[in-house]
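One structure is given here, and the rest of the page talks about it.
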Amino acid sequence: MRTPAPPAPRNRGFVAVLILLTAIVVGSTWHTFSHTWDEPEHLAAGLSLLDRFRYEYDIQHPPLGRVAIAIGPYLLGARSVGKPPPDGRPEGVEILYGEGRYWPFLTAARAGVLPFLALALWITFAWAWRAGFGERGALGAAAWLSLTPAMLGHAGIATLDVPAVATTLWAVYAIMDWLQSPRRLGVLHMGIAVGVAVATKLSAIPFLGLALPACLVSAALTTAGGLRLTRLGRRLLDLGAAALVAFAVVTLAYGGRWKYFTDSTHKFNQALYFLFGKTGRAHDLAYAFAAHVPLPESLQLLLGGVQALEVHNQNGHLSYLLGETHGSGWWYFYLVALAVKTPLPLLVLGVTGLCLALRDGIRRQDPWRVLPLCLGAALLTFVSGFSRINIGVRHVLILYPLFALGAGYCVVLAARRGRTASGTAAARLGPLVAVGLLGAWQVLALARAYPDYLAYFNETVTNPERVVVDSDLDWGQDLRRLELALAERHVERLSFGYLGTADLAREPLPPTVLLAPGARATGWIAVSALARVYARGGYDWLDAQPTVARIGKTIDLYYLAADAPPPSAAPGP
């Protein structure tokens, strides 16, 4: 297998333009949406580390992506207010509302995700180039990813899902690069990339744990793929060196501080308990060592995060699917979410292209073509069998760059057939026309969805609220639209069925009363999709009432009066 020459400056320029245009589209959505459920806590945690050198809010998420989110607000003057941990949402809410600079702080926080979006697009392009897709295929793969609503929707809010996709994808790329070309710089590259991924989101640990065997399987299926298992000791030493580099990156991300884990007044340490248990020889040695030798604080925080995440997964998370709520999830949750949240052209071309790339990769002895399907299958099997936290397609967002690689490969094959196949023009150009039409469909779907990429569902779904809701449809983002609609209608009082993290008392709403599930009200009433599905029928009494408007994609607005019909002719937001 011959390694392709590096991309020409012209190709890199095309990718840069694509990244810029994608960032402009994402940035144009920022002021449409209020903050979503998780944004305050991410901002609070990152700002606490920047401002007070403490990391204590919701430690089941590492700090790197949160620091990127907090840098912009910090430069604008946002500071930590020091509300007690571990729940960082009250802290984040106070930061956003406290100084009257809600929109500057929120906009700056959301801008912190754009570098990760750029990284995801670049790595997708680089992977396709390395797989020999050529100029059209590599640019096509990056373009397909830039046209994916779920990626753009989550890139437009200050959360960790797109940062996790970008950094984990980079780490997988670095691992495969090292397996094929075990250079010293490759070891350093792999260590840095893995460290950055782990310091961004803990899901990188199992994902990369699956990526290494997926890379090995891909290389094994392509015996000339460049994998040399001779000098196994050297390989193991390289892995050890990369692990040390990764741990150094993680330590720096957590602040780079060292401490004694135990002393005369602190005889118990949660991290040591997690690693070595409650008693035993190893326990005693670890505690004796930790009492006399300072260790990176990152080790304690990282292990604490892993333990918190493990407990969270064991306990489950209340979630919603196909009209049912459940505390421990469904094995098929992510299959359904991908089926309804992925544009149909990308779903068709992505899966088809991954299968064809696997076939041709084995034939051409190219593990870069084999790896996407192996990795995607491993990740989807893992989350379906292991995850009890089913709260959105965002947890498998990393599959979208793999789908984009498959779609890019379909572009390659269609163009190749148009150049080389014999027969009629229809036989030669048919595949290229079909791919072009599917691409146009994807562009049209993206344009029609604007700016509601977070709440996008494909054409198979007419009532999204009956399928999936939490972070796939309603994450609290439409509150600003409701405020504008109420101001336009001169509403003087509102009853609101709402679930979210906004401080309604400090929002520009008319006097508002939270409408509890099962309670009745008259006058103006609004109910969000998230509140409705988790109320378990508590708002069903409104189903018989006509809606005045659907606000955004997630909030129904009603007017109920005993002596007057609802003003159905009122203008929309």
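Quick note: the coordinates plus some simple rules give every number you see, no bench work behind them. Computed from a predicted structure; not experimentally measured. Counting neighbours? That spans all protein chains shown, and the Cβs are built from the backbone with ideal geometry, glycine included.
Odds and ends about this structure:
- Taking the number of Cβ atoms within 10 Å of each Cβ as an exposure proxy, the fewest-first ranking of SER203, SER181 is SER181, SER203.
- Over the chain, relative contact order from alpha-carbon pairs under 8 Å, at least 6 apart, %: 16 percent
- One Cα centroid belongs to segment 461-516, the other to segment 132-159; the line between them spans 31 Å.
- Estimated FRET transfer efficiency when R0 is 41 angstrom, pair TRP331-ALA519 (beta carbons, to 0.05): 0.70
- Separation of alpha-carbon centers, segment 53-128 and segment 311-339, rounded to whole Å: 27 Å
- Positive dipole terminus of segment 65-193, leading residue within GLY156, TYR74, GLY137 (C-beta point charges): GLY137
- Gain upon complete extension [ARG466, LEU239; 0.36 nm per residue less C-alpha separation]: 77.0 nm
- Cα-based shape type of segment 65-106, given that a ≥ b ≥ c are square roots of the gyration tensor eigenvalues and the cut on a/c is 1.5: oblate
- Likely footprinting exposure, TYR254, TYR332, fewest C-beta neighbours within 10 Å first: TYR332, TYR254
- Count, lysine Cα pairs under 28 Å in the chain, 8 or more residues apart or across chains: 9
- For segment 110-162, averaging the sequence separation of C-alpha pairs within contact (under 8 Å, six or more residues apart) and dividing by the residue count gives a relative contact order of 48 percent.
- When each of GLU135, GLU41, GLU483, GLU459 is scored by the number of other beta-carbon atoms lying within 10 Å, the sequence from fewest to most is GLU459, GLU135, GLU483, GLU41.
- Three-way shape call for the chain based on the alpha-carbon gyration tensor, with the a/c threshold at 1.5: oblate
- Cα gyration tensor, segment 448-573 - rounded (a/c under 1.5), prolate or oblate: rounded
- Applying 1/(1 + (r/R0)^6) with R0 = 51 Å to the Cβ-Cβ distance of ALA434 and GLN270 gives a FRET efficiency near 0.35.
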